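Undergrad: Here it is: the structure, laid out below.
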Amino acid sequence: MSQLQDKFGRKFHYLRMSITDVCNFKCTYCLPDGYRPDGRQSFLTLSEIENLVAAFGEVGTQKIRITGGEPTLRKDFTDIVRIVADNPNIHTVAMTTNGYRLEKNAKQWYDAGLRRINVSVDSLDPRMFHQITGENKFDEVMRGIDAALEAGFERVKVNAVLLKDLNSKDLPRFLHWIKHTPIDLRFIELMETGLGHDYFKAHHLAGNDIKARLMAEGWLHDRSAVDDGPAQNFSRPDYQGRIGLIMPYAKDFCASCNRLRVSAKGKLHLCLFTESGLDLRDLLQHADQRPELIQRLHSQLAQKEQTHYLHQGITGVTQHLASIGG
């Protein structure tokens, strides 16, 4: 079957595949009261995941990012990595994590086929890290990042949601860190999610302001690869690390959209910021359903909108900002 493409000519090489909604952190901008199970449908099984990956691989998906919740809370996480890595059509296997299990498992996951890791670190101040995440695990997470670098991952990224009057003063410390450390640092602009307007108004820091500061300090805008996420990337020859800005409110944010999302319960989301998803689970039960599943994917791409509606305050299912970090 042909490459997944929408009516605006955008091609989709990148799938964000959630495998659980459960998270053990309580980040103030995401799950301040912690994860609360809804007691309904269970998460995708290994066989369902294998069928999902096979179908997406046949329609041009080259990169799969395994997400959550916190994906490593699944006891079969390593098996899931192997399923994705063993598919010959998938060239890049990535994960987004809070990093709490990374120190002990980085080498094991690398050996299973994982090649890129995004770790959420919202502050380099242990006290602020604790305040934002609700967990006193800063040192543990930082040792995990060191373990990932030592294991030989192709790329180690760090996601940080910059929050005005909380961790925004950490920016110089982050820049100092990546001067001699080969980290891709991703700053994610806070969105007005289900937490409400008051939190957004108090802590939103415009991504364009950070971009202007970087450009003034000599950072150069890099060209994006076909399977890159939505970040605008910047580098300097005197820095080992790079910076990426994820700015969902920026003009033309959706113009280069190349990714789709499947939830932990098997729903396809054409946009990360839509309320409803299309259930795929009925076509994930047997390998011989693949042609029908692929046909459903192609038909749904015709429904994809040209842009999101964040400016109208519509964030859809995106309550977890980790879900947009590329």
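Undergrad: To make sure I understand the rule: partners must be aspartates and glutamates, Cα under 19 Å from the Cα of Lys11, and not fewer than 8 residues away in the same chain. Which ones qualify?
TA: The qualifying aspartates and glutamates are Glu58, Asp227, Asp228, Asp252, Glu305.
Undergrad: Beta carbons within 10 angstrom, averaged per residue: use that to sort the peptides 75-81, 54-60, highest first.
TA: On the way: 75-81: 17.4, 54-60: 20.0.
Going by the mean number of other Cβ atoms within 10 Å, highest first, we get 54-60, 75-81.
Undergrad: Where the centroid of each part is defined by its Cα atoms, how far is the stretch 56-71 from the stretch 102-124 in Å?
TA: That distance is 16 Å.
Undergrad: Treat every Asp and Glu Cβ in the chain as -1 and every Lys and Arg Cβ as +1, leave all other atoms uncharged, and give the resulting dipole magnitude about the Cα centre to the nearest 20 debye.
TA: On the way: 42 positive and 40 negative charges, 76 e Å.
With Lys and Arg at +1 and Asp and Glu at -1, about 360 debye.
Undergrad: Separate question: Return the calculated 222 nm mean residue ellipticity for the chain, to the nearest 500 deg cm²/dmol, obtained by summing -39500 (n - 2.57) across DSSP H runs with n ≥ 4 and dividing by the residue count. Write out the running numbers ahead of the final one.
TA: On the way: 9 runs with 94 residues, N = 326.
Computed ellipticity for the chain at 222 nm equals -8500 deg cm²/dmol.
Undergrad: Take every DSSP beta bridge whose two residues both sit in the chain, then give the antiparallel share in percent to the nearest 5.
TA: On the way: 10 of 43 bridges.
About 25 percent, rounded to the nearest 5.
Undergrad: Separate question: Name the aspartates and glutamates eligible as straight-distance cross-link partners of Lys107: C-alpha to C-alpha under 18 Å, and not fewer than 8 places from it in the same chain.
TA: Partners within reach: Asp76, Asp79, Asp86, Glu140, Asp146, Glu150, Glu154.
Undergrad: Students often check this: by mean Cβ neighbours within 10 Å, which of 127-140, 169-182 ranks highest, and how do the rest follow? Intermediate values should be presented prior to the final figure.
TA: Values: 127-140: 16.9, 169-182: 14.6.
Descending mean neighbour count gives 127-140, 169-182.
Undergrad: Turning to a different aspect of this structure: Using a Gaussian network for the chain with springs between C-alpha atoms less than 10 Å apart, which of these wobbles most: Lys211, Lys157, Lys63?
TA: Comparing Lys211, Lys157, Lys63 in a Gaussian network model of the chain, the most mobile one is Lys211.
Undergrad: Pick from Ala148, Ala112, Ala202 the residue whose mean-square fluctuation is largest in a GNM of the chain, springs joining Cα atoms under 10 Å.
TA: It is Ala202.
Undergrad: Continuing with the same structure: Would you mind telling me which residue in Leu15, Leu278, Leu163 has the biggest mean-square fluctuation in a Gaussian network model of the chain, where springs connect alpha carbons within a distance under 10 angstrom?
TA: Between Leu15, Leu278, Leu163, it is Leu278 that shows the largest mean-square fluctuation.
Undergrad: Go through Lys26/Lys267; Lys179/Lys304; Lys137/Lys164; Lys164/Lys265; Lys104/Lys304; Lys7/Lys157 and tell me which ones have a Cα-Cα distance over 30 Å in this structure. Before the final figure, lay out the partial values.
TA: Numbers: Lys26/Lys267 25 Å; Lys179/Lys304 40 Å; Lys137/Lys164 22 Å; Lys164/Lys265 34 Å; Lys104/Lys304 41 Å; Lys7/Lys157 32 Å.
From the list (Lys26/Lys267; Lys179/Lys304; Lys137/Lys164; Lys164/Lys265; Lys104/Lys304; Lys7/Lys157), the Cα-Cα distance tops 30 Å for Lys179/Lys304; Lys164/Lys265; Lys104/Lys304; Lys7/Lys157.
Undergrad: Quick one: ranking Thr28, Thr72 by accessible area, 1.4 Å probe, largest first, what do you get?
TA: Values: Thr28 40, Thr72 0 Å².
Result of the area sort, largest leading: Thr28, Thr72.
Undergrad: Starting from the Cα of Lys201, draw a straight line to each of the aspartates and glutamates and keep only those under 18 Å, dropping any in the same chain fewer than 8 residues away.
TA: Excluding near neighbours in sequence, the set is Asp165, Glu189, Glu192, Asp209.
The values are calculated or read from the model by the stated rules, or taken from the named source; none is laboratory data. Every value quoted in this text rests on a predicted model; they were computed, and no experiment measured them. Here Cβ is always computed from backbone atoms with ideal geometry, including for glycine, and neighbour counts include all displayed protein chains. Keep in mind that these areas ignore ligands, DNA and RNA; they rest on the heavy atoms of the full protein, side chains included. Shrake-Rupley method; radii C 1.70, N 1.55, O 1.52, S 1.80 Å.
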